[in-house]
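**Q** Can you read through this structure? Questions will come right after.
The values are calculated or read from the model by the stated rules, or taken from the named source; none is laboratory data. Just so you know, these numbers come straight off a predicted model, no measurement behind them. Using ideal geometry, Cβ is built from the backbone for each residue, glycine included, and neighbour counts are taken over all protein chains shown.
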Amino acid sequence: MGKSNFLNIDSLSFHGIDEDAELIPLMTPEDEEEINRESLPDVLPILPLRNTVLFPGVVIPITAGRDKSIKLIKDANNGSKVIGVVSQKDESIEDPGIDDINSLGTVARILRVLQMPDGNTTVIIQGKKRFKINEILTTEPYMNASVGEVSEVRPADENEEFKAIIDSIKELSLQIIRDNPNIPTEASFAIKNIESNSFLINFVSSNMNLSVREKQELLAVDDLKDRALATLKYMNVELQKLELKNDIQSKVRHDLDQQQREYFLHQQMKTIQEELGGGGSEEEIEDMRGKAKDKKWNKKVREHFDKELSKMQRMNPQVAEYSIQRNYLELLLELPWDEYSSDKFDLKNAQGILDRDHYGLEDVKRRIIEYLAVLKLRGDMKSPILCLYGPPGVGKTSLGKSVAEALGREYVRMSLGGLRDEAEIRGHRKTYIGAMPGRIIQSIKKAGKSNPVFVLDEIDKLSNSHQGDPSSAMLEVLDPEQNTEFYDNFLEMGYDLSKVLFIATANSLNTIQPALRDRMEIINVTGYTIEEKVEIARQHLLPKQLKEHGLSSEHLKIGKKQLEMIVEGYTRESGVRSLEKQIAKMVRYAAKSIAMEESYAVKVSNEDIIKVLGPARLERDKYENNEVAGVVTGLAWTSVGGDILFIESILSKGKGSLNITGNLGKVMKESATIAMEYIKANADKWGIQPDIFEKYNVHIHVPEGATPKDGPSAGITMLTSLVSLFTQKRVKKSLAMTGEITLRGKVLPVGGIKEKILAAKRARIKEIILCEDNRKDIEEIKQEYLKGLTFHYVTEMSEVIDIAVTDQNVKNPKKL
């Protein structure tokens with residue numbers, strides 16, 4: 001659009017004194033009469049002003065930035081130097097038209113034109129007389145209009161009321177100049193030297209702190225007396241505001257003076273107290289010095305404390321930094337430097353405590369006992385960083401308390417879920433108001449010992465943001481080679497964390513930073529078997545809920561069979577949280593019956609469970625029949641433990657296409673494709689006619705289509721399903737399988753074996769097919785958990801078919 005058409009105006013506070021006096025004359029009555037005798041041109045170029053109003057006789061500078069305005073000023077300066085000046089109604093309009101400007105304006109004479117370094121044009125103009133726009137003649141290259149003079153009603157010189165108004169204006173002007181520190185006192189000379197009454201009114205109106213609309217209203221008043229009276233009213237308001245402002249400043253200054261006075265009094269009091277040997281701050285410093293004598297500090301820490309204490313002693317207690325320094329010194333005193341709990345080395349007692357509080361978790365308990373054994377023999381060792389990894393509700397967090405009791409140490413827990421500020425770990429620098437140490441140091445201070453059992457809960461849920469990466473900050477905390485000198489920003493020196501027994505918990509290892517995971521010893525805490533859940537419910541959950549609801553074992557008894565019914569029919573998880581909720585429902589039912597004096601069965605039966613908890617809801621884990629060709633049971637791992645899944649295959653007349661459904665991921669779809677191609681390549685081995693693959697479409701489906709599924713574990717399951725489908729042979733009863741397949745006929749091992757075995761037991765599976773390389777995973781599981789299960793270990797896909805597919809045809813086999 002080219003150059004901007006803005007006309008920028010910088011308002012001028014005119015004080016009557018300027019280095020270039022010839023440009024700012026004070027109008028005399030003779031000058032005024034001469035202006036009144038001058039005739040008004042019929043046509044004037046019109047210059048719109050955005051944020052000011054020109055009054056007759058007043059000199060103001062304006063800065064023109066738009067093309068039209070610059071052209072107008074240039075032409076007028078080369079010609080008559082006379083222009084018409086009007087104010088805009090809305091200063092935001094860039095190119096005003098006739099409707100955007102006031103019709104009443106002031107004829108102005110150009111006194112000087114200056115070219116500014118920024119490219120704008122500054123022009124100094126002086127108002128002459130008022131005019132009114134009759135008609136706009138042209139708008140290009142700038143606005144030209146026919147104008148008419150607007151007469152002014154002037155009171156007679158002997159009018160006493162007008163004289164009084166003029167005197168009041170002068171008096172108020174001088175008072176405002178005197179009370180306003182922003183106006184130079186030299187401005188009073190200009191007011192006193194103004195001889196023309198009309199110029200005085202216009203001069204004051206132009207320089208008052210009014211809006212453009214208010215100034216335009218003053219300019220439009222024809223009667224000079226009325227204009228003077230309106231100006232006087234505005235001046236009274238301005239004077240009142242100024243007096244109020246000065247009064248407020250006076251009060252504030254008084255308050256500051258009062259504070260300064262109190263400060264000097266406090267300083268004098270401090271001096272007197274020092275002479276007398278007392279004083280609040282000195283007593284505080286001496287108290288800190290006395291506490292420091294009893295601390296088990298090394299030389300480095302003691303020297304640092306003495307240095308910081310001397311700094312505090314030199315500080316003024318009234319400044320904000322004094323409280324920060326005091327908090328810092330208090331932290332140094334409260335931290336348990338080199339203060340350690342005495343470890344209990346009764347390993348049998350420790351084993352008893354762990355077994356009492358947690359049923360199962362053998363790997364974790366064995367690792368803790370190993371740690372105690374080494375510590376007992378060596379006397380000192382760097383604590384390991386244990387990470388308990390497993391599904392929710394298996395007792396990872398609560399294990400920390402039992403470990404602390406077994407060791408005889410203090411217990412500290414810190415939840416890391418959602419933590420995204422690095423300062424939460426490392427602390428803030430103590431130069432900031434409200435700074436505090438990180439939560440690691442705060443927890444150590446709270447524990448009172450430097451070797452607590454420190455549970456870092458949900459370490460896999462650490463987040464990050466623009467405030468830093470807490471995962472990276474944890475690297476120093478959890479590295480036994482570095483945490484001997486853990487640096488906290490607030491503490492400003494190293495603190496030894498090497499004696500702390502850190503126990504981290506996580507539901508997933510995928511979200512833990514690799515460098516952080518490398519610093520921890522991962523212990524997999526798998527789910528519980530049905531037998532373990534029953535024992536946990538009997539030994540821990542039921543007594544706990546009875547106590548929390550104000551009951552005892554005399555009020556409610558739940559047998560093992562009934563607990564097993566609750567586990568199998570109402571919970572589906574690796575942990576025991578849902579189980580505890582179901583037991584709590586049973587206890588609440590008993591509590592309600594006792595409170596309402598209703599009869600109920602103290603010894604719970606199966607019918608009572610159905611009455612309170614409703615019908616069993618989780619029967620879908622049960623094994624399905626194998627009367628239909630192509631239905632095979634697979635084993636899967638989920639984030640909450642193991643599960644079984646069913647793979648179904650069906651044939652339909654077609655051209656040999658393969659369809660796969662069930663919300664499957666890329667890996668599972670590839671497994672189906674591999675299985676299909678392997679069968680085509682080895683069709684003669686199982687007596688399958690090759691032309692079948694060209695006459696029939698194959699559709700593989702994995703039920704529960706709303707649940708996403710992926711992974712290689714279903715490879716051999718899909719293979720078995722397809723062979724059963726093409727041969728129309730039964731799959732062995734109560735059989736499940738898991739394993740990955742390759743195109744050359746190999747079976748590869750998969751993970752999550754224990755969880756899958758638990759799922760198989762819940763589903764009443766009797767036989768399981770696994771890869772030979774998964775044998776070691778089975779050997780790590782307690783034999784009592786494997787009771788009733790038969791394992792088949794395979795290396796070739798053909799072995800899977802030989803074991804799984806029988807020679808019996810299914811009912812109503814399809815003729816292919």
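**Q** Can you tell me which residue is nearest to Asn451 (Cα to Cα) among those in the range 511-533 that are of a type in the set (A, V, I, L, M, F, W, C) and part of a loop (DSSP other than H, G, I, E, B)?
**A** Residue satisfying both the conditions and the ranking: Met520.
**Q** How about the range 761-770: which of its residues are closer than 15 Å to Lys732 by Cα and either assigned to a helix (DSSP H, G or I) or not assigned by TED's automatic domain parsing to the domain that holds Lys733 (or both)?
**A** Across the range 761-770, there are no qualifying residues.
**Q** Which one is modelled with the highest pLDDT among residues in the range 425-441 that are surrounded by fewer than 19 Cβ atoms within 10 Å (Cβ to Cβ) and either small (Gly, Ala, Ser) or closer than 17 Å to Ser415 by Cβ (or both)?
**A** Ala435
**Q** Which condition from (1) closer than 30 Å to Ile530 by Cα; (2) assigned to a loop (DSSP other than H, G, I, E, B) is the one that Phe345 breaks?
**A** (1)
Residue-by-condition table, conditions (1) over 44 Å from the mean Cα position of the chain (by Cα); (2) among the charged types (D, E, K, R); (3) on the phi < 0 side of the Ramachandran plot; (4) modelled with pLDDT under 85:
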site	(1), (2), (3), (4)
Leu210	yes, no, yes, no
Gln240	yes, no, yes, no
Lys251	no, yes, yes, yes
Gln259	no, no, yes, yes
Lys300	no, yes, yes, no
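**Q** So which of Glu339, Glu303 ends up being more than 30 Å from Leu265 (Cβ to Cβ), charged (D, E, K, R) and in contact with a Lys or Arg (Cβ under 7 Å, 6 or more places away or on another chain)?
**A** Glu339
**Q** Among the helices (runs of 4 or more DSSP H) confined wholly to the range 546-635, which include 1 or more residues that are in contact with a Pro (Cβ under 7 Å, 6 or more places away or on another chain)?
**A** 577-595
**Q** Out of (1) touching a residue at least 40 places away in the same chain (Cβ under 8 Å); (2) among the polar types (S, T, N, Q); (3) not in a strand (DSSP E or B), what's the single condition that is false for Ser188?
**A** Condition (1) is where Ser188 drops out.
**Q** Against the condition in the same structural domain as Gln88 (by TED's automatic domain parsing) and within 15 Å of Lys81 (Cβ to Cβ), how does Ile110 come out, does it pass?
**A** Spelling it out, Ile110 is indeed in the same structural domain as Gln88 (by TED's automatic domain parsing) and within 15 Å of Lys81 (Cβ to Cβ).
**Q** Of the residues that make up the range 107-114, is at least one in contact with a Gly (Cβ under 9 Å, 6 or more places away or on another chain) and surrounded by fewer than 18 Cβ atoms within 10 Å (Cβ to Cβ)?
**A** yes
**Q** Can you pull out the residues in the range 699-730 that are of a type in the set (Val, Ile, Thr), more than 42 Å from the chain's Cα centre (by Cα) and surrounded by fewer than 24 Cβ atoms within 10 Å (Cβ to Cβ)?
**A** Thr727
**Q** Hey, another quick one. Given the structure, is Ala763 touching a residue at least 24 places away in the same chain (Cβ under 8 Å), crowded, with 23+ Cβ neighbours inside 10 Å and either of a type in the set (Gly, Ala, Ser) or in contact with a strand residue (DSSP E or B) (Cβ under 9 Å, 6 or more places away or on another chain) (or both)?
**A** no
**Q** Condition first: more than 15 Å from Leu47 (Cβ to Cβ) and among the aliphatic types (A, V, I, L, M). Now tell me which residues in the range 138-171 satisfy that.
**A** Correct list: Val150, Val153, Ala156, Ala164, Ile165, Ile166, Ile169.
**Q** Select, from Thr511, Thr571, the only residue that is touching a helix residue (DSSP H, G or I) at 6+ places or on another chain (Cβ under 8 Å) and assigned by TED's automatic domain parsing to the domain that holds Val455.
**A** Thr511
**Q** Which ones in the range 202-227 are in a loop (DSSP other than H, G, I, E, B) and free of Cβ contacts under 8 Å to residues at least 24 places away in the same chain?
**A** Hits for the range 202-227 are Ser211, Val221.
**Q** On the given criteria, is Thr806 among the hydroxyl-bearing types (Ser, Thr, Tyr), farther than 19 Å from Trp686 by Cα and either within 44 Å of the chain's Cα centre (by Cα) or surrounded by fewer than 18 Cβ atoms within 10 Å (Cβ to Cβ) (or both)?
**A** Considered against the rule, which asks whether it is among the hydroxyl-bearing types (Ser, Thr, Tyr), farther than 19 Å from Trp686 by Cα and either within 44 Å of the chain's Cα centre (by Cα) or surrounded by fewer than 18 Cβ atoms within 10 Å (Cβ to Cβ) (or both), Thr806 comes out as no.
**Q** Anything in the range 79-136 that is part of a loop (DSSP other than H, G, I, E, B) and of a type in the set (Ser, Thr, Tyr)? List them, or say none.
**A** Hits for the range 79-136 are Ser80, Ser92, Ser103.
**Q** Still on this structure: Check Leu388 against each of (1) in contact with a Lys or Arg (Cβ under 6 Å, 6 or more places away or on another chain); (2) in a strand (DSSP E or B); (3) over 30 Å from Gly751 (Cβ atoms) and name the one condition it does not meet.
**A** Condition (3) is where Leu388 drops out.
**Q** Turning to a different aspect of this structure: Does the range 108-115 include one or more residues that are in contact with a helix residue (DSSP H, G or I) (Cβ under 8 Å, 6 or more places away or on another chain) and either basic (Lys, Arg) or modelled with pLDDT under 85 (or both)?
**A** yes
**Q** Then there is this: Using beta carbons and a limit of 9 Å, which pairs, at least six apart or on different chains, have the first residue in the range 671-683 and outside any helix (DSSP H, G or I) and the second one exposed (fewer than 15 other Cβ atoms within 10 Å of the Cβ) and of a type in the set (Gly, Ala, Ser)?
**A** Filtered contacts from the range 671-683: no entries.
**Q** Here's something else I'd like to know. Name the single residue, out of those in the range 25-74 being of a type in the set (Ser, Thr, Tyr) and modelled with pLDDT of 85 or more, that is surrounded by the most Cβ atoms within 10 Å (Cβ to Cβ).
**A** Ser69
**Q** Now for a separate question. Does Ser87 qualify as being of a type in the set (Gly, Ala, Ser), modelled with pLDDT under 85 and within 59 Å of the chain's Cα centre (by Cα)?
**A** no
**Q** Looking at (1) under 19 Å from Arg426 (Cα atoms); (2) assigned to a loop (DSSP other than H, G, I, E, B), which one does Ser508 not meet, given that it meets all the others?
**A** That leaves (1) as the condition not met.
**Q** Might you check whether a residue that is part of a loop (DSSP other than H, G, I, E, B) and either surrounded by 22 or more Cβ atoms within 10 Å (Cβ to Cβ) or at pLDDT 80 or above (or both) occurs anywhere in the range 771-780?
**A** Yes, there is a match, as at least one residue in the range 771-780 is part of a loop (DSSP other than H, G, I, E, B) and either surrounded by 22 or more Cβ atoms within 10 Å (Cβ to Cβ) or at pLDDT 80 or above (or both).
For every residue, the table says whether it meets (1) more than 30 Å from Glu481 (Cβ to Cβ); (2) surrounded by fewer than 18 Cβ atoms within 10 Å (Cβ to Cβ); (3) basic (Lys, Arg).
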site	(1), (2), (3)
Pro514	no, yes, no
Asp518	no, yes, no
Ile536	yes, no, no
Glu554	yes, yes, no
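**Q** Residue by residue through the range 370-417, note down the ones that are touching a Leu at 6+ places or on another chain (Cβ under 8 Å), small (Gly, Ala, Ser) and surrounded by 16 or more Cβ atoms within 10 Å (Cβ to Cβ).
**A** Across the range 370-417, the qualifying residues are Ser383, Gly395, Ser402, Ala406.
**Q** Further, regarding this structure: Considering only residues of the range 302-342 that are under 40 Å from the mean Cα position of the chain (by Cα), hydroxyl-bearing (Ser, Thr, Tyr) and not in a helix (DSSP H, G or I), which is nearest to Gly408 (Cα to Cα)?
**A** Out of the qualifying residues, it is Ser341.
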